[in-house]
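Participant: Take this structure, written in structure tokens, and hold onto it; I'll ask about it next.
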Amino acid sequence: NMRYKVFNPYMEKISGVPAAEVIGKLPLEISPFLKDSGVIDLIERALRGEILDEVDVPFDIPMTGKSGWTSEKTAPLFNHSGEIIGVITTVHDITARKQSEVAFSESEAYLSEAILIANLGFWKYDIDSDIFTFNDLFYKLYHTTAEEEGGYLMTFANYTQKFVHPDDMHVVADSVQKALQTNDPNYYSSLVDHRVICADGQLKYITVSIRIIKDEKGRTISIKGVNQDITERKHNEENLRLSEVKFRNIFENSIVGKYITTLDGKVSVNKAFSDIVGYTLEELSTMNWPEFTYRDDIEYNAKEINSLLKGEKHFSQWEKRFIHKNGSIVWVHISIVLLRDNEENPIHFISEIYNITERKLAEQALLENMNELLDFQRLTVGRELTMIELKK
């Protein structure tokens, strides 16, 4: 009936609305934005049986003044009989991430423009005098000014001791040494990443692009370079690495069967899935899904996969049969989504598998019992009714 049944403490924190004011009410009574943001549509689709991909949703709650972004995944809620009795939505607050993405995008645009006009963290190093020449943008990158540093000139030793992270001094020294020793007049390097310590103590990651200048004798006499702040990128890379580790842990340790299928049919599975079909993880790593799929289900399986590849569906779920390693049939409920890249090219399928063999056996036993009852009815009650009709 589209009314809230559960509203946990985390939702209270995000929205600022106590659960007591939510339970029993319609979503739009609490959060009018849910209609325009498409959340109501997601709930209605979930009530029809769809398990929906995670979506980012902006929120604005007038009664509390709370606003931001959440990431939400919505799925139907089933009872023990397999009937849909509601919808369950998992919500994560991603406001900080969204703000970071916006800030990072603006920063990247500014840095790109600054590099194009050659005034972002520009520096020049003269070999003979052992002197760096910096500009105002360079000092701004390090949270200081030429006035505070005593001018725009600084020796190599003074620069490294003042700004370069102690553990990365060898990176700077090695890059300069390579530039000095190269015989390539067009030597260019943009792969030198290292840490610096700003004047206020803040730690930053920078990437350094350098180009050498040689005299008429081919001797390197100076090096020019541009430093770019890549701290946010490094943090995002670390966050991505942690996210991948988290996904891998969830994937491998889930009690629900999960597997990832490449476009050519190769599978990567977790322990729960290998337990369902009886093959080891090593055996499954060399198999294709048709090898352990019941023959009569392969055609329908392929049809659903093709529907996802064509973009006709965003996800699909159905019941199918696997062939256990011991030869027995295993009934499963499968939910599958197709992951695509930023250009909408398909990458691989991600599937969740629930073993429903016991339920299927119970349904079969119930059907057999019903057939027996019908036979009994025909032999007893049905016979008596026939005799009555004949007597009439």
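Participant: Tell me the accessible surface of TRP331 in square angstrom (1.4 angstrom probe, heavy atoms of protein chains only), to the nearest ten.
Facilitator: 70
Participant: Quick one: accessible area per residue over region 120-172, 1.4 Å probe, rounded to a whole number of Å²?
Facilitator: Accessible surface, normalised per residue, equals 51 Å².
Participant: Just to verify a number: what accessible area does GLU363 come out at with the full protein assembly present, 1.4 Å probe, Å² rounded to tens?
Facilitator: So the heavy atoms of GLU363 present about 80 Å² to solvent.
Participant: Take the Cβ-Cβ distance between LEU28 and ARG241 as r, set R0 to 51 Å, and report the resulting FRET efficiency rounded to the nearest 0.05.
Facilitator: Efficiency computed from Cβ-Cβ geometry: 0.80.
Participant: Let me ask something additional. When the accessible area of the chain is computed with all protein chains present and a 1.4 Å probe, what percentage of it is carbon and sulfur?
Facilitator: Carbon plus sulfur share of accessible area: 54 percent.
Participant: Using only helices, what value at 222 nm comes out for the chain when you add -39,500 (n - 2.57) per DSSP H run of length 4 or more and divide by the total residues, to the nearest 500 deg cm²/dmol?
Facilitator: My calculation for the chain gives -12000 deg cm²/dmol from helical runs alone.
Participant: Counting heavy atoms of the protein chains only and a 1.4 Å probe, report the per residue accessible area for region 198-298 as a whole number of Å².
Facilitator: 56
Participant: Using a simple charge model, +1 on the beta-carbon of Lys and Arg, -1 on the beta-carbon of Asp and Glu, nothing else, what dipole does the chain show about its Cα centre, in debye to the nearest 20?
Facilitator: Rounded to the nearest 20 debye, it is 860 debye.
Participant: In square nanometres and to one decimal, what's the mean projected area of the convex hull around the Cα atoms of the chain?
Facilitator: For the Cα atoms of the chain, the hull's average projected area reads 33.1 nm².
Participant: Using the membrane-span-like helix rule (whole DSSP H runs, Cα extent along the own axis of at least 30 Å, mean Kyte-Doolittle hydropathy at least 1.6), which helices of the chain qualify?
Facilitator: Span-like helices here: none at all.
Participant: How would THR74, THR386 line up by accessible area, probe 1.4 Å, largest first?
Facilitator: Accessible-area ranking of THR74, THR386, largest first: THR386, THR74.
Participant: How much length is gained if the chain between TYR300 and GLU148 is pulled fully straight, taking 0.36 nm per residue apart and subtracting their Cα-Cα distance, in nm to one decimal?
Facilitator: Difference between extended and current length: 47.5 nm.
Participant: Taking R0 as 25 Å, what's the FRET efficiency between ASP36 and VAL256 from their Cβ-Cβ distance, rounded to 0.05?
Facilitator: 0.15
The values are calculated or read from the model by the stated rules, or taken from the named source; none is laboratory data. As the structure is a prediction and not an experimental result, all values here were calculated from the model. Don't worry about glycine lacking a Cβ; one is built from the backbone with ideal geometry, like all the others, and counts go over all protein chains shown. Accessible surface is based on the protein model in full, side chains and every heavy atom, while ligands, DNA and RNA are left aside. Shrake-Rupley method; radii C 1.70, N 1.55, O 1.52, S 1.80 Å.
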